[in-house]
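Reviewing the structure listed below.
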Amino acid sequence: MTERPYNHLMSISRVSRRRFLGASSLLLAGCATRRNPVTAGPGTVSPAARLARVKVSPDRVIRTIAGLRPYRPSGFVVRAEKLDAKTVIHNYGHGGAGITLSWGTSQLAVEEGARTGERDCAVIGCGVVGLSTARLLQQRGCNPVIYTKAMPPSTTSNVAGGLWEPVTVFDQTRVTADFRKQFAEASRFSFRRYQSLAGDWYGVRWLPLYSLSRDGPHRAPPPESPNSDVEPLYPEARQLARAEHPFGVPFVHRRQTMLIEPAIYLSALLRDFHIGGGRIVVQEFASARELAALRENLIFNCTGLGARTLFDDAELTPIKGQLVFLLPQPEVDYCTVGPDGNYMFPRHDGILLGGSHESGVETTDNDAATTDRILREHAAVFGAMRG
């Protein structure tokens, strides 16, 4: 066999190397990240914006419940009142924001009670407001006893949706400067407090909230509204372009907020109260005069709608809300509000669907027509999702 010269072999080597490098560069170019990513075309949804669809159908309903929101047009009450030799600190009338504002109004109430110097105190009511008040008192070294006619899971708080959102709290035309100050302080305190409780133990987690509208983009509350003090609290709040969401409505606003699951959360508060040495007495009071017979000289009134009877608050108005629960969907990791006053929260005890606000209705009986409407309207919303 004829032997090839050395320089000829080197030539072949150079050619082979050039071909290899050329082919390799093409392969690497195919694997490289695009400098200009592909964008979603009209009517399509960016892959990053796709969300799991809620499965809405009557055969997925696991329960339907109703509760009464304790609403006052002039807003919640946090103030002191004398009852013979005793001092009563009122903390009631939170409308649809009992869970949302509980820590904040309870902090205001406990600060008011601290002026008396009393350490032994009574808390009337064992819903979220009463339990929050009792825990804050314990953390100040006080000895609260809770007196209540009902305990979780049989309180109004257990029927709440649990989204951190101060809604149905006041009528703008009835708001005073003093209430606005209390509302802002209570909202900020509660928002910070719940952040410290995020996790499985308390059933508190951050989730994106999508506000859906057919009428126009999200508008910030006007400066004269107390809600203008709350709006800046929400992180990552902005209006979304069509490709940034999968919903079949023209206007979608997204922000981050917290979902507090009542069944988990109230049980955790009860555990904390007992661990702190707290005591609960099951007792119902028919009038304020019966409260005067308690041994404690400092009394916190956290009775919600019960204050209408106990302290003759004629301004308290029940607003009935009915909730429909579907089988849980762990893959649903977002909340929706709207359109038409509807809302969806993905809780561990089921997908919660709501959207009824019946002012002045006293009964908590379930209404079949309301259930049908809630299912129908939510089926339309989630059935129209793209992607």
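The values are calculated or read from the model by the stated rules, or taken from the named source; none is laboratory data. Quantities reported herein were computed from a predicted structural model and do not represent experimental measurements. Heads up, the Cβs are rebuilt from the backbone with ideal geometry, glycines too, and the neighbour counts pull from every protein chain shown. Calculation scope for accessible area: heavy atoms of the full protein, side chains included, ligands and nucleic acids excluded. Shrake-Rupley method; radii C 1.70, N 1.55, O 1.52, S 1.80 Å.
The trypsin sites (Lys or Arg not before Pro) of segment 271-378 that DSSP puts in a loop, and whose beta carbon has at most 10 other beta carbons within 10 Å, are ARG295. Computed from point charges on the beta carbon alone (+1 for Lys and Arg, -1 for Asp and Glu), the dipole magnitude for the chain about its Cα centre is near 2180 Debye. Every helix of 4 or more DSSP H residues in the chain counts as -39500 (n - 2.57), and over all residues that averages to -9500 deg cm²/dmol at 222 nm. Here the spin labels are modelled as points 7 Å beyond Cα on the Cα-Cβ line, and at SER57 and GLU231 they lie 4.2 nm apart.
Using only the Cα atoms of the chain, construct the convex hull and provide its projected area averaged over every direction, in square nanometres to one decimal. Please report the intermediate quantities before stating the final value.
Working: hull surface 121.0 nm².
Over every viewing direction, the Cα hull of the chain projects on average to 30.2 nm².
Let a ≥ b ≥ c be the square roots of the eigenvalues of the Cα gyration tensor of segment 247-311; is it rounded (a/c under 1.5), or, if not, prolate (a/b larger than b/c) or oblate? The shape class here is oblate.
Gain in length, GLN256 to TRP206, computed as 0.36 nm per residue apart minus the alpha-carbon separation, to one decimal in nm? Show your work: numbers first, answer last.
Values: separation 50, 0.36 × 50 = 18.00 nm, distance 0.67 nm.
Result: 17.3 nm gained on full extension.
One chain, two ends: ASP349 and THR176. Fully extended at 0.36 nm per residue, the span grows by 58.4 nm beyond their Cα-Cα distance.
In whole percent, how big is the carbon plus sulfur part of the accessible area of the chain, probe 1.4 Å, protein atoms only?
Details: 10040 of 18820 Å².
Whole-percent figure for carbon plus sulfur exposure: 53.
In segment 285-384, inverting the average of 1/r over every pair of distinct C-alpha atoms gives 16.5 Å as the Kirkwood radius. Taking every DSSP bridge with both residues inside segment 81-185, close to 40 percent are antiparallel. Placing pseudo-labels 7 Å out from each Cα toward the beta carbon at LYS82 and HIS357 gives an inter-label distance of 4.0 nm.
Only four residue types carry charge here, +1 at the Cβ of Lys and Arg and -1 at the Cβ of Asp and Glu. Report the dipole size of segment 104-237 about the Cα centre in Debye, rounded to the nearest 20. Could the numbers behind the result be given before it?
Values: 14 positive and 14 negative charges, 49 e Å.
Result for segment 104-237 is approximately 240 debye, rounded to the nearest 20.
Number of Lys-Lys pairs in the chain with C-alpha atoms under 28 Å apart and a separation of 8 or more places or on different chains: 7.
The equivalent ellipsoid that matches the C-alpha gyration tensor of segment 67-211 spans semi-axes of 24, 19, 15 angstrom, in descending order.
Treat segment 84-158 as a sphere of radius equal to its Kirkwood radius over Cα pairs and apply Stokes-Einstein at 20 °C in a medium of 1.002 mPa s; give the translational diffusion coefficient in µm²/s, rounded to a whole number.
On the way: Rh = 12.6 Å.
For these conditions, the coefficient is 170 µm²/s.
Relative to one another, the C-alpha centroids of segment 46-76 and segment 277-313 are positioned 32 Å apart.
Write out the trypsin sites (Lys or Arg not before Pro) in segment 103-188 meeting two conditions: DSSP loop, and at most 16 other Cβ atoms within 10 Å of their Cβ.
Values: sites: ARG115, ARG119, ARG135, ARG140, LYS149, ARG174, ARG180, LYS181, ARG188; in loops: ARG115, ARG119, ARG140, LYS149.
In loop regions of segment 103-188 (DSSP not H, G, I, E or B), the sparsely surrounded trypsin sites (Lys or Arg not before Pro) are ARG115, ARG119, ARG140, LYS149.
Within the chain, which is the longest segment that contains none of the GluC sites (Glu not before Pro) sitting in a DSSP loop with at most 11 other Cβ atoms within 10 Å? The answer is 4-223.
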